[in-house]
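One structure is given below, encoded as structure tokens.
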Amino acid sequence: MTRAVADIEQEIRALPDSEKERLLRALLEELDGPQDPGADQAWLEEIQRRSREFNAGLVEGIPAEKVFADLRAKLSLR
């Protein structure tokens, strides 16, 4: 038996926030697929590499204000 998505959505909206969060996490995990066992280690290595490059003066940081201003400008062109 198939229920309309609207009916399911209405039931979800009636749930307490904690249950909505639990359901959302479960659905996102299902959509994302299995966790990559090496992802955490790969991110750690990437963060360490970038930190070393920054500390050695090989790369220059960009102030957050400039990053957000540039992003706002790009989005306004759409």
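Just a few scattered comments:
- Kirkwood-type hydrodynamic radius, the chain: 17.6 Å, calculated from all non-identical alpha-carbon pairs.
- Only DSSP H runs of four or more residues enter the estimate; each adds -39500 (n - 2.57), and after division by the residues of the chain the mean residue ellipticity at 222 nm equals -22500 deg cm²/dmol.
- Each residue, ILE47 and GLU30, gets one label point 7 Å from its Cα in the Cβ direction; the gap between the two is 3.1 nm.
- Rounded tilt (10° steps) of 39-55 against the dominant C-alpha axis of the chain: 30
- Computed lengthening from VAL59 to LYS20, 0.36 nm per intervening residue step minus Cα-Cα distance: 9.8 nm
Read the figures in this text as sums done on the coordinates, not as results from a lab. On a predicted model such as this, the values are computed, not experimentally measured, just so you know. In this analysis, Cβ positions are derived from the backbone assuming ideal geometry, glycine residues included, and neighbour counts consider all displayed protein chains.
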